[in-house]
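**Q** Right, I'll just put the structure down here and ask away after.
The values are calculated or read from the model by the stated rules, or taken from the named source; none is laboratory data. Computed from a predicted model, the values in this text were never measured in an experiment. Note that we place each Cβ from the backbone using ideal geometry, even for glycine, and neighbour counts take in every protein chain shown. Just the protein is used for accessible areas: all its heavy atoms, side chains included, with ligands, DNA and RNA removed. Shrake-Rupley method; radii C 1.70, N 1.55, O 1.52, S 1.80 Å.
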Amino acid sequence: PPQNLDEMLNRFAQKTQQCLPIRIGCFACLNMKCVGKNFLPKYYVGQEESRLESPRIIGRTNDLVRKLRDNKVDYNLEFLLADTDVYDVYGNYLINKDNTKEIRWYSQKLARKITNDQPDSKLSNWSDIQSPYQRQYQKDFDYVYNNCEKLVGKEYLERSYNRRYQYFRGQVGLPDSESMRFICYDTAKRNVALYAAQGPVLNKEFDCILIADPDPTRMGMLQSLLCPDLPIWYAFPG
């Protein structure tokens, strides 16, 4: 079910009364890749298709848009390219410190696909949305990073740590080391801090958000850590 449905409907009603479109946001993640270099994980921006480009998600998006149109809902559907993740989560572990070119390539490819399937929607860089709130975002990010275990629980962090550890050891083929284990823990905490710090920005800018993550309630929980009234429409399959 939706999260904070009453708040969502209230925002929809207010926009309707003001003759303004409902603003709906949905994140599109970059295709982050990892390789081993000098016995440590190093990341780069890949160019493979995103989850939003899969036939199942495209079909579901088309269905949602059709229902909005059939019910004469005035809306703006904005897909948000998560272009800050590469630096805020993986910035210390990148092959190249500047990934501007790779992000632009990925954005152009994804924008063509999205506008072909959803002509009324658009793709925006999340960095542009976040920019006016950067000071508060960084303050929230640091707070969550430094209080991560208290906010999400030790078990959550351990699961996230273990997923990264198994991935580095099994798929990337890295040997066990103290440095590698630190990266597992650091990126796990940074991932939580990123999503949590994005929440207040989303809450101010959008009437509701769609989550197309494979584990949508997990992401919803993280993005609601600092703003429990954030309206979320869990419209996609896990």
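**Q** Tell me the label-point distance for the pair Lys122, Lys154, using the 7 Å Cα-to-Cβ offset, in nm and rounded to one decimal.
**A** 4.9 nm
**Q** Per 0.36 nm of contour for each residue apart, how much would the distance between Gln171 and Lys101 grow if the chain were fully extended, relative to their Cα-Cα spacing?
**A** Separation in residues times 0.36 nm, less the Cα-Cα distance, equals 22.5 nm.
**Q** Same structure again: Quote the relative contact order of the chain in percent (integer), defining contacts as alpha-carbon pairs under 8 Å separated by 6+ residues. Let's see the in-between values first.
**A** Working: 337 pairs, mean separation 68.1, N = 238.
Across the chain, relative contact order equals 29 percent.
**Q** Less than 13 Å Cβ to Cβ from Cys208, Lys/Arg counted +1 and Asp/Glu -1: what total charge do the surrounding residues give?
**A** -2
**Q** Moving to a separate point now. Would you kindly calculate the mean projected area, averaged across all directions, of the convex hull enclosing the Cα atoms of the range 1-137, in square nanometres?
**A** Reported value for the Cα convex hull: 10.7 nm².
**Q** What spacing in nm lies between the two simple spin-label points modelled at Arg135 and Arg60, each 7 Å away from Cα in the Cβ direction?
**A** 3.9 nm
**Q** What are the extents of the Cα atoms of the chain along their three principal axes, in Å, largest first?
**A** 58, 38, 31
**Q** With r defined as the distance between the Cβ atoms of Asn10 and Asp70 and R0 fixed at 25 Å, what FRET efficiency is calculated, to the nearest 0.05?
**A** 0.65
**Q** If you don't mind, another one. Once the piece of chain linking Tyr143 and Lys204 is laid out straight, how much longer is it, given 0.36 nm per residue of separation minus the C-alpha distance between them?
**A** 20.0 nm is the gain from fully extending Tyr143 to Lys204.
**Q** Please say if the range 60-198 is rounded, prolate or oblate, where rounded means a/c under 1.5 for a ≥ b ≥ c the square roots of the C-alpha gyration tensor eigenvalues, and otherwise the choice is prolate for a/b larger than b/c and oblate otherwise?
**A** prolate
**Q** Once phi is turned into ³J(HN,Hα) by the Karplus curve 6.51 cos²θ - 1.76 cosθ + 1.60 with θ = phi - 60°, what whole-Hz value does each residue of the range 8-14 show in order, with x for glycine and proline?
**A** Values, residue by residue: 4, 5, 5, 5, 4, 5, 5 Hz.
**Q** Another question about this same structure. Loop by DSSP (not H, G, I, E, B), at most 14 other beta-carbon atoms within 10 Å: where is the longest site-free stretch of the chain for trypsin sites (Lys or Arg not before Pro)?
**A** Result, exposed sites excluded: 98-238.
**Q** Could I ask something else about it? Enumerate the whole-percent occupancy of each 10 Å bin, from 0 to the last occupied one, for all C-alpha pair distances of the range 38-111.
**A** Histogram of Cα-Cα distances, whole percents per bin: 16, 35, 27, 16, 5, 1.
**Q** Ignoring ligands, DNA and RNA, please state the percent of accessible area on the range 190-238 from carbon and sulfur, probe 1.4 Å.
**A** Values: 730 of 1360 Å².
Within the range 190-238, the accessible surface is 54 percent carbon and sulfur.
**Q** Which value, in Å², gives the accessible area per residue of the chain when a 1.4 Å probe is used on the protein heavy atoms? Don't skip to the answer; put the middle values down first.
**A** On the way: 12130 Å² over 238 residues.
Accessible surface, normalised per residue, equals 51 Å².
**Q** Expressed as a fraction of 2.2 N^0.38 Å, the rule-of-thumb size for a compact globular protein of N residues, what is the C-alpha radius of gyration of the range 1-61?
**A** Here the Cα radius of gyration is 1.83 times the empirical estimate.
**Q** Report the local net charge at Val86: Lys and Arg +1, Asp and Glu -1, summed over other residues whose C-beta lies under 13 Å from its C-beta.
**A** The answer is +1.
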